[in-house]
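See below for the structure under consideration.
The values are calculated or read from the model by the stated rules, or taken from the named source; none is laboratory data. For clarity, every value in this text was computed on a predicted model and none was experimentally measured. Every residue, glycine among them, receives a Cβ derived from its backbone with ideal geometry; neighbour counts consider all protein chains shown.
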Amino acid sequence: MASGILQQSARAAIYARVSTINGQDITLQTRELEQFVQARGWCITGQYLDVGVSGAKDSRPELNRLVADAHRRRFDIVVVWKFDRFARSVSHLLRALETFSALGIGFVSLSEQMDTTTPTGKMVFTVLGAVAELERSLIAERVRAGLRNARAKGKTLGRPRTEVDPSLVSSLRSKGASWRDIAKHLQVGLAVVYRAGQTRINPG
C-alpha cells in the first residue's frame, strides 16, 4: 500500500506520546492528527497513546502494541505529530520506517511534513537512510583506525585475561565442589574456572 498513493479508504493508526501527565495534554496532538486523517479521507482504525512515558525508554506499551499490530497488518499508515514523539533517536526512527516499508505501511509526521506515501516523502526517507548508512560506515572506520593505531603502538587489545590457580581449582574439585560453586567462590567466570581445571599441574 505504501508503494503507491493511498486510497481514501486507507486505514490509519495514530500514535501520540507525552512524557509527563502534569502540564501536558495529549489531545493537543491527537486533535491535529485526527483532523489530518479526516482531511485525507482516511479512516482511523486505532489510536496508540503513551501517556507519562519517556521517549528515551526502549519499551513503551502503546508503541509496542502499534508495532505488533503493524505486523498483523491492521492499518495501512501510521500518523504521528512529530518525530521525537515517536522515535528516541534517528536510528530508531529509520529502523521503524524500514519495518513499515517492508510491511507496505506508510508513515506521516505532521510537524516535519514527511509523508512516505508521496514521492517527496520517499525521497526524504531514502536520503535519511543513506546518511545513516554513511554515519555507520564512518564510525566503523574510526574504530578500525583506532585499533590499528593501538596495535602499532604494541597495546594489547581486549579485556585482560583472568587467571586462577589450577591447584586451587583441583583441590576444590576433589572436595566435591561443582564448577559453578568454584566460580562463585573465586568470583570469576565459569569459563575461567573450567580452563584452569583443564590445566595440567606440574609437580614442583
Complete set of residues in the range 92-118 that are touching a residue at least 60 places away in the same chain (Cβ under 8 Å) and on the phi > 0 side of the Ramachandran plot = G104
Candidates L103, L66 - the one that is surrounded by 13 or more Cβ atoms within 10 Å (Cβ to Cβ), under 17 Å from R11 (Cα atoms), in contact with a His (Cβ under 8 Å, 6 or more places away or on another chain) and assigned by TED's automatic domain parsing to the domain that holds S19 = L103
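I'd like the residue in the range 165-189 that is polar (S, T, N, Q) and part of a helix (DSSP H, G or I) and, out of all such residues, is surrounded by the most Cβ atoms within 10 Å (Cβ to Cβ).
Quick first cut of the range 165-189, residues polar (S, T, N, Q) only: 167, 170-171, 174, 178, 187.
Subsequent filtering for residues that are part of a helix (DSSP H, G or I) retains 167, 170-171, 174.
Numbers: S167: 11, S170: 14, S171: 12, S174: 8.
In this case the residue turns out to be S170.
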inquiry  = Considering only the range 176-196, I want to know if a residue exists there that is on the phi < 0 side of the Ramachandran plot, at pLDDT below 80 and among the β-branched types (V, I, T).
reply    = no
query = Does the range 125-132 contain any residue that is surrounded by fewer than 16 Cβ atoms within 10 Å (Cβ to Cβ), modelled with pLDDT of 85 or more and in contact with a helix residue (DSSP H, G or I) (Cβ under 9 Å, 6 or more places away or on another chain)?
reply = no
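Is there a residue in the range 73-82 that is within 17 Å of the chain's Cα centre (by Cα) and in the same structural domain as R40 (by TED's automatic domain parsing)?
The first filter runs over the range 73-82 and keeps only residues within 17 Å of the chain's Cα centre (by Cα), leaving none.
No, that holds for no residue.
Restricting attention to the range 74-112, which residues are aromatic (F, W, Y) and in a strand (DSSP E or B)?
Step one: filter the range 74-112 for residues aromatic (F, W, Y), giving 75, 81, 83, 86, 100, 107.
Hit for the range 74-112 is F107, nothing else.
Taking the stated definitions as given, is D25 under 28 Å from the mean Cα position of the chain (by Cα) and at pLDDT 90 or above?
Numbers: under 28 Å from the mean Cα position of the chain (by Cα): yes; at pLDDT 90 or above: no.
Against the criterion (under 28 Å from the mean Cα position of the chain (by Cα) and at pLDDT 90 or above), D25 does not qualify.
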